[in-house]
Amino acid sequence: MMGATQQRYLLREGWMHLVRRRISGTVAILIMASSLLTLAIFSLVTINLDRALQLLRGDTDISIYLSDTIHPADRDLLHKDLLNTRGVKEVRYIDAQQALEAFRAELQEDAELLDALIANPLPASFEVTLDPLMQDSAEVDDLVSTLGRYPGVERVVAQLDWLRQLDRITRGFVWADVVVGLLVLLSSLFVISNTVRLAVEESSETVYVMKLVGATNAFIRTPFVLSGALQGAAAGALAMVLLLLSSRFLGARISGLVFFDPPQLLGFVMLSTFLGAVGSMVALRRHLRI
Amino acid sequence: MSQPSHDPSASSNVDARTVISLYHASLRYDESLALDDVSFRVDNGEFVFLVGPSGAGKSSVLRLIMMEEMPSSGEVVVGRFLSTRVRRRDIPHLRREVGVVFQDFRLLLDRSVEENVAFAQMVVGVRRSQIKKNVAQVLNWVGLYHKRKQLARTLSGGEQQRVAIARAIINRPKILLADEPTGNLDPEVSQEVIDLLFRINAAGTSVVMSTHDHLMVRQYGERIVSLDSGRLVGDVDRFRVRKSHSKRSVAERVVRTDEADAVRREVESWEHAILDSARARESSLSSDSEAGREGP
Ligand SMILES: Nc1ncnc2c1ncn2[C@@H]1O[C@H](COP(=O)(O)OP(=O)(O)O)[C@@H](O)[C@H]1O
Ligand SMILES: [Mg+2]
């Protein structure tokens with residue numbers, strides 16, 4: 001619909017808005033890049049903590065080992081009570097055979113050792129996952145001792161307390177991520193809309209002439225939106241370059257760090273570009289009377 | 001006029017030859033009433049002088065016609081655009097049919113002459129090769145082709161106004177509005193600008209030009225719409241006989257300016273006519289001006 005001449009004009013004009021306002025534009029890009037960098041670092045810390053936690057702890061929070069001679073009615077009662085216990089998210093029953101198979105899988109090539117066994121030495125168990133928001137040490141200790149008193153229960157093993165602590169901290173980080181993300185969003189919108197506002201004020205005469213000769217509103221807005229998007233893209237790219245450099249530095253010292261993969265990096269830059277475009281639309285709504 | 005009993009409020013019943021109509025248009029800015037119940041029509045190919053002292057509402061009328069402002073009451077019809085029905089996104093299309101020039105030129109001073117004129121075509125999506133041709137043609141026409149590479153700010157006032165005119169007409173509008181286009185110019189330079197506007201008119205474009213230069217109106221004016229304090233106080237046509245011929249050659253006009261004496265006598269009667277119509281219009285404005293403009 002739009003001709004090549006117009007597109008060239010819009011791109012050049014968007015670029016010129018930046019060039020004419022290079023000081024405030026650069027400041028905006030730096031501010032936005034540093035806030036994006038903060039957000040990226042927060043997310044990376046969360047991701048790495050979460051991963052470390054996954055490695056340190058097993059899948060379950062509490063394992064209830066059952067005696068071989070447990071009465072099926074007792075087992076069903078225990079199962080039912082577990083499902084009705086506050087804070088229990090998931091209960092899995094692992095019978096002796098499944099436990100053996102899991103053990104075999106864990107042993108891998110040494111699995112033939114198990115062939116020497118005449119009977120299965122492993123007990124059946126309930127594997128309980130707790131709701132991460134509900135687990136407080138005292139409560140978990142209570143639950144463990146209550147479960148130990150059930151008939152047919154041989155032993156109850158709970159996840160270590162400090163691991164649960166770490167888990168909570170990690171979840172706290174997720175909230176911090178959300179808060180930081182919102183702050184980054186707002187500050188980015190603010191700095192970009194500010195430079196676009198300056199560009200709009202500077203271009204009032206051009207805008208008037210464009211209206212006079214019959215430019216559509218979309219056409220008038222486009223260069224401003226482009227300049228905001230360009231700033232966003234530049235800020236995003238800058239933040240990602242800084243992040244890559246620092247991850248090189250850290251990665252050489254701490255092994256096993258998780259980092260964003262290329263599609264995620266690209267997503268970050270796209271998000272930042274989008275923020276720039278939205279920031280300029282905010283400015284246009286407020287300052288461009290057309 | 002082809003429709004002697006034209007009902008001013010019936011906007012759907014638009015004469016095919018009418019390009020601009022104001023129907024009881026009023027314009028209120030906050031407290032002040034800039035225009036108060038103004039009605040008149042402009043036919044295809046007409047040259048209309050809009051006269052009146054400073055603050056009379058001339059610019060307001062032009063702003064209504066280009067729909068930069070919408071009437072607070074009444075209606076403005078420009079071509080196929082009705083102020084009461086037009087949508088915001090239609091306005092750009094209206095602007096492509098209405099060229100505008102101002103007293104202060106409103107050029108983009110840090111761009112070249114060529115760019116200023118090309119701008120109007122680029123904005124509406126003409127192809128580059130075509131723009132180049134059209135710009136060359138129109139700059140030739142206003143006599144500024146040799147200065148096409150210069151920055152607009154380096155031109156004299158008269159030259160800047162000619163660039164502004166070139167920009168206003170390059171999209172071939174049906175209507176050209178000129179708001180005191182000679183207000184900042186010396187008399188000889190004003191003359192060039194007026195000649196240009198007449199040539200544009202002779203090529204078929206309707207022109208509405210506001211001015212408070214009475215000498216100029218006396219010399220050239222044929223259709224004269226007078227405003228005072230926001231009210232229409234006169235709408236006369238001094239050359240009723242030729243009214244039916246909307247396209248006239250420039251030569252014809254020059255001859256007419258040589259007949260200055262004859263014109264002057266007519267002007268006096270016209271000035272009386274203004275006063276008369278001002279008194280008479282209170283009740284029936286439209287039939288009054290209709291009668292004044294009717295051919296024999
Ligand atoms: N934007 C505006 N806000 C308030 N009043 C205005 C505005 N523009 C014009 N006016 C008032 O409207 C009246 C007509 O103004 P204008 O149309 O500019 O007259 P002219 O062009 O004949 O000098 C004047 O009294 C002027 O003060
Ligand atoms: Mg004025």
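Residues in region B:119-126: is at least one closer than 30 Å to residue B:81 by Cα, assigned to a helix (DSSP H, G or I), at the interface with another protein chain (Cβ under 9 Å from one of its Cβ atoms) and more than 25 Å from the chain's Cα centre (by Cα)?
Scanning region B:119-126 turns up no residue that is closer than 30 Å to residue B:81 by Cα, assigned to a helix (DSSP H, G or I), at the interface with another protein chain (Cβ under 9 Å from one of its Cβ atoms) and more than 25 Å from the chain's Cα centre (by Cα).
Going by the conditions given, is residue A:224 within 14 Å of chain B (Cβ to nearest Cβ), out of contact with any Lys or Arg (no Cβ under 9 Å at 6 or more places or on another chain), over 30 Å from residue A:126 (Cα atoms) and not charged (D, E, K, R)?
Criteria not met by residue A:224.
What number of residues in region A:169-207 are among the acidic types (Asp, Glu) and away from chain B (no Cβ under 14 Å)?
2
Mind counting the residues in region B:76-92 that are surrounded by 17 or more Cβ atoms within 10 Å (Cβ to Cβ) and facing another protein chain (nearest Cβ under 10 Å)?
Counting residues in region B:76-92 that are surrounded by 17 or more Cβ atoms within 10 Å (Cβ to Cβ) and facing another protein chain (nearest Cβ under 10 Å) gives 2.
Check whether at least one residue in region A:208-221 is of a type outside the set (Phe, Trp, Tyr), more than 26 Å from residue B:172 (Cα to Cα) and within 14 Å of chain B (Cβ to nearest Cβ), and report yes or no.
no
What pairs can you find where one residue is in region B:141-152 and among the β-branched types (Val, Ile, Thr), the other is in a helix (DSSP H, G or I), and their Cβ atoms are less than 8 Å apart, with a gap of 6+ or different chains?
Sorted first by the residue in region B:141-152, then by its partner, the pairs are B:142/B:162; B:142/B:163; B:142/B:165; B:142/B:166; B:142/B:196.
Could you tell me whether region A:247-254 includes any residue that is away from chain B (no Cβ under 14 Å), loosely packed, with under 14 Cβ neighbours inside 10 Å, under 26 Å from residue A:22 (Cα atoms) and not β-branched (Val, Ile, Thr)?
No, because not a single residue in region A:247-254 is away from chain B (no Cβ under 14 Å), loosely packed, with under 14 Cβ neighbours inside 10 Å, under 26 Å from residue A:22 (Cα atoms) and not β-branched (Val, Ile, Thr).
The conditions are (1) outside any loop (DSSP other than H, G, I, E, B); (2) more than 16 Å from ligand 2 (Cβ to nearest atom), and residue B:45 fails exactly one of them. Which is it?
It fails just one condition, (1).
Residue B:113 is checked against (1) within 16 Å of ligand 2 (Cβ to nearest atom); (2) buried (at least 23 other Cβ atoms within 10 Å of the Cβ) and fails just one. What number does that condition carry?
The single condition residue B:113 does not satisfy is (1).
Here is a yes/no grid of residues against (1) part of a strand (DSSP E or B); (2) surrounded by 13 or more Cβ atoms within 10 Å (Cβ to Cβ); (3) in contact (Cβ under 8 Å) with a residue 60 or more places away in the chain:
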| position | (1), (2), (3) |
| --- | --- |
| A:42 | no, yes, yes |
| A:46 | no, yes, yes |
| A:49 | no, yes, yes |
| A:53 | no, yes, yes |
| A:69 | no, no, yes |
| A:74 | no, yes, yes |
| A:78 | no, yes, yes |
| A:85 | no, yes, no |
| A:93 | yes, yes, no |
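Given the criterion in the same structural domain as residue A:106 (by TED's automatic domain parsing) and among the hydrophobic types (A, V, I, L, M, F, W, C), identify the matching residue among A:36, A:49, A:66.
A:66
Surrounded by fewer than 18 Cβ atoms within 10 Å (Cβ to Cβ), in a helix (DSSP H, G or I) and either more than 16 Å from ligand 2 (Cβ to nearest atom) or at pLDDT 85 or above (or both): which single residue out of B:189, B:193 fits that description?
B:189
Would you please name the residue that is nearest to the other protein chains (Cβ to nearest Cβ), looking only at residues in region B:177-197 that are closer than 12 Å to residue B:49 by Cα and away from ligand 1 (no atom under 16 Å from the Cβ)?
B:197
Going by what's in this entry, would residue B:183 be described as of a type in the set (Gly, Ala, Ser), farther than 30 Å from residue B:225 by Cα, out of contact with any Phe, Trp or Tyr (no Cβ under 8 Å at 6 or more places or on another chain) and modelled with pLDDT under 95?
When the stated conditions are applied, residue B:183 does not pass them.
The values are calculated or read from the model by the stated rules, or taken from the named source; none is laboratory data. Computed from a prediction, not measured in an experiment: that's the story for all the values here. A quick note on method: Cβ atoms are made from the backbone with ideal geometry, for glycine too, and the neighbour counts reach across all protein chains shown.
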